[in-house]
Amino acid sequence: MSENSNSTSTKPSEEHDNIISILNDFLDPEEAVELTARLEQEIGQTTEDASLKKSLTYFKSLYETKEEPRQLFKKFLLYSVIVFHMAVVLGNFTIFFTVPFIEPIWIWLPICTFIFWVSFINEVQCPITRIENRLRTNLGMRRIGGFVGHYIIRPIRRRFFSARQ
């Protein structure tokens, strides 16, 4: 009986290492972490199939690290990106409303048009939002659709419009 328990305790570890090895042949470790986390978030958390949910959770756990300092650094990096992104958004907002009073129309019109286009057209993906989404996925957090919608519009709606309902 002890042989059987020893062989079963080492077998999952070998399988675990083999799966990681195969994934690393096709993806960088960071990409594999992002892939497994995203699969578990977008499919595993929404599916009704218990077997699929369990498989995707296990698949994600293959790349979960127990290194606390690394996770803390990633969280620090994520919060730094969020603060920087908020500064960029507030700077754009300020420029959008002040430049028309300071510069001639041929200067401020293209600047304001570009700021409006980047801020409100969904076809453009902000590179800072992509960086934030990658960090969020690596930390096992949900991805966001857009910075302004997630950090500005949604909290305002929750604060002022959910109270009425």
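The values are calculated or read from the model by the stated rules, or taken from the named source; none is laboratory data. What you see is a predicted model; the values in this text were computed from it and never measured. Because the Cβ atoms are built from the backbone with ideal geometry, glycine has one as well, and the counts that use them run over all protein chains shown.
Of the residues that make up segment 123-132, is at least one modelled with pLDDT under 90 and either among the aromatic types (F, W, Y) or more than 30 Å from Q71 (Cβ to Cβ) (or both)? Taking every residue of segment 123-132 in turn, at least one turns out to be modelled with pLDDT under 90 and either among the aromatic types (F, W, Y) or more than 30 Å from Q71 (Cβ to Cβ) (or both).
Those residues that are of a type in the set (V, I, T) and either without any contact (Cβ under 8 Å) to a residue 12 or more places away in the chain or in contact with a strand residue (DSSP E or B) (Cβ under 7 Å, 6 or more places away or on another chain) (or both), I need them from segment 36-94; list them, please. Selection gives T46, T47, T65, V83, T94. I105 passes every criterion in (1) touching a residue at least 60 places away in the same chain (Cβ under 8 Å); (2) out of contact with any Lys or Arg (no Cβ under 9 Å at 6 or more places or on another chain); (3) among the aliphatic types (A, V, I, L, M) apart from (1). Residue count for segment 108-141 satisfying the condition of being under 12 Å from the mean Cα position of the chain (by Cα) and surrounded by 14 or more Cβ atoms within 10 Å (Cβ to Cβ): 13. When segment 75-122 is limited to residues that are under 30 Å from L139 (Cα atoms) and not in a helix (DSSP H, G or I), the one that is modelled with the highest pLDDT turns out to be I121.
The set of residues from segment 123-165 being assigned to a helix (DSSP H, G or I) and aliphatic (A, V, I, L, M) comprises I128, I131, L135, V148, I152, I153, I156.
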